[in-house]
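Notes to accompany the following structure.
Coordinate-derived values only; no laboratory data. The structure presented is a predicted model; accordingly, all values stated were derived computationally and were not measured. Because the Cβ atoms are built from the backbone with ideal geometry, glycine has one as well, and the counts that use them run over all protein chains shown.
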Amino acid sequence: MFQRVDTRETVRAVIQISMLMTALLVITATGPAAAATASAEETIAKDMTPKDGDTLTRPARSLRVWFEETPVVDKCKLELEGPNGALDVTGLHTMGDDDLMARVSGAMPDGSYTAKWTFVGSDGKEHTGSWTFEVKRASSD
Ligand SMILES: [Cu+2]
């Protein structure tokens, strides 16, 4: 009798573990799919300065991104994250070339930087993307 209860408990445990693993598999499968959607959206960004993968020998004092559509500036955003955290990115505007541009201020030590853009066009749909660049002053060689 005890043995049967034990077996039932074991079966229940196995079922719970397999349900958990199924849930994990679903989460794992959803992750890359969601990432693929995000990177597909990134194709609306055509170019940027600093360029993706650039190594700069001095601080970047502005960010600029060109898009395939005209941005609705007050719904858009440019952000920059560096080795010491988020930097001040102010004065977001467009130069009228389906672009977004903003000033970067504050200390910009050597290291790796990730810039993020949030784009909203006339259809109201939000797109996001990011790119990275490096700051490495010549004197630090
Ligand atoms: Cu400008």
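The table for this structure:
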read-out	value
Net length gained if the chain between ASP74 and ASP98 were fully extended (0.36 nm per residue, minus Cα distance)	7.3 nm
LEU80 long-range amide H proximity, modeled H, under 5 Å	LEU87, LYS116
Set of lysines near LYS136 by C-alpha distance (under 16 Å), chain-local residues within fewer than 8 positions excluded	LYS51
Label point distance in nm, ALA138-THR114, each placed 7 Å from Cα along Cα→Cβ	3.1 nm
FRET efficiency, 1/(1 + (r/R0)^6) with R0 30 Å, evaluated for THR43 and THR90 via beta carbons	0.65
Calculated over the stretch 44-140: convex hull of Cα atoms, volume per residue (Å³)	83 Å³
